Structure formats: C-alpha cells, structure tokens
Amino acid sequence: MKMRAVFQIVLTLLFSTFLLAGNVAQAQLTPRTVSALAAQPAYPQPLPLEQAFPFYVSAVSPGRYRIVWDLPDGHYLYRHAFEFTLSQQVDSEQLPVESLMPDGLKKNDQFFGDIEAYYGHLDIDLSLGTVPGPDARIFIHYQGCADWGFCYPPQRFEFLLNP
C-alpha cells in the first residue's frame with residue numbers, strides 16, 4: 001500500500017511538471033507586439049528643468065532674501081555648484097552675496113566623486129552687503145541631477161529685486 005501511494009505522488013509530480021513546462025513553452029511562443037515593447041521606455045525620461053528644480057525667491061527684510069527649493073523625489077542639487085551674486089545695474093560688476101546654507105547629504109556622486117547634495121526641501125538665506133538699487137538683480141547659479149544618472153547643465157537664473 002505504501003508503494004502505491006509513493007507511485008501516485010511521483011506520477012502527480014511528473015504530470016504537474018509536464019503541465020508547467022507546456023505553459024512555459026506556450027508563453028514563450030506568444031507573439032510580442034510592437035505596442036507592448038513601446039509601452040516600456042528603455043531609459044527614464046528627465047523632467048523639464050522647471051519641474052526638476054522648482055524654486056522661489058522671497059524678501060525676508062531689507063537686504064535679506066530667502067530662496068526655497070522643493071525638489072521631486074530622486075533629484076538633488078550640488079552644494080558646490082551654488083553661487084550667488086548681485087549686480088546693481090544691467091551691465092555692472094557682479095558682487096558676491098553672502099549665503100547661509102544648511103549641511104547637505106554626503107554621498108559619492110558618479111560625476112564629481114565625494115560631494116554634498118540637497119534632496120527634498122532646501123532653504124538658502126542671502127544677505128546683501130549693500131542696499132539694492134532700483135535695477136538691482138541677484139544671479140543664482142546651481143546644478144543638479146537625477147539619481148538615475150541624468151545631470152542637468154549648470155543653471156544661471158536672474159532675479160530682479162525691485163520688479
């Protein structure tokens with residue numbers, strides 16, 4: 001009786017294996033369509049710059065400004081790429097602006113090696129060394145990347161202080 005039960009189990013396992021192998025073979029014979037292949041992009045698509053690194057500038061007090069970034073998941077800004085300058089008139093000399101920046105996340109970047117990066121929410125406070133004139137503008141330089149390996153070119157944004 002025991003031999004018969006063992007024989008039935010072996011037959012059941014063999015039959016199941018043949019059924020499974022038949023399903024696998026049938027799945028491999030299923031034709032692939034162009035639309036099914038096109039539905040899956042080969043590489044992630046980069047976000048437009050204004051969606052990848054959205055920010056706004058606000059006046060805190062005379063001569064003090066705050067720049068706020070709210071970065072989407074998987075995007076970061078390089079601390080070393082930030083630079084802030086002030087120009088009193090359209091073509092005048094650009095003067096450095098003092099900035100107060102928080103510590104970033106230390107990471108090893110595939111492009112720059114060991115760096116500090118900012119993810120998520122970032123506030124940077126600027127303090128002007130002089131009273132801005134009516135045509136004064138701040139130049140904001142920054143650069144960032146997506147974690148999956150796409151880096152945006154360095155950016156330079158001009159913000160008119162007295163619109």
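The values are calculated or read from the model by the stated rules, or taken from the named source; none is laboratory data. If you're wondering where the values come from, they're calculated on a predicted model, not measured in any experiment. Quick reminder, even Gly has a Cβ in these numbers, built from the backbone with ideal geometry, and neighbours come from all protein chains shown.
Residue-level check: of (1) under 17 Å from Phe150 (Cα atoms); (2) surrounded by 11 or more Cβ atoms within 10 Å (Cβ to Cβ), Glu50 misses just (2). Of everything listed in (1) modelled with pLDDT under 95; (2) among the hydrophobic types (A, V, I, L, M, F, W, C); (3) touching a Phe, Trp or Tyr at 6+ places or on another chain (Cβ under 9 Å), the single unmet condition for Leu126 is (1).
The residues of the range 134-163 that are of a type in the set (A, V, I, L, M, F, W, C) and in contact with a strand residue (DSSP E or B) (Cβ under 7 Å, 6 or more places away or on another chain), listed by number, are Ala136, Ile138, Phe139, Ile140, Cys145, Ala146, Cys151, Phe157, Phe159, Leu160, Leu161. Take the conditions within 24 Å of Leu161 (Cα to Cα), more than 24 Å from the chain's Cα centre (by Cα) and of a type in the set (Lys, Arg) and apply them to Arg66. Does it pass? Answer is no for this residue.
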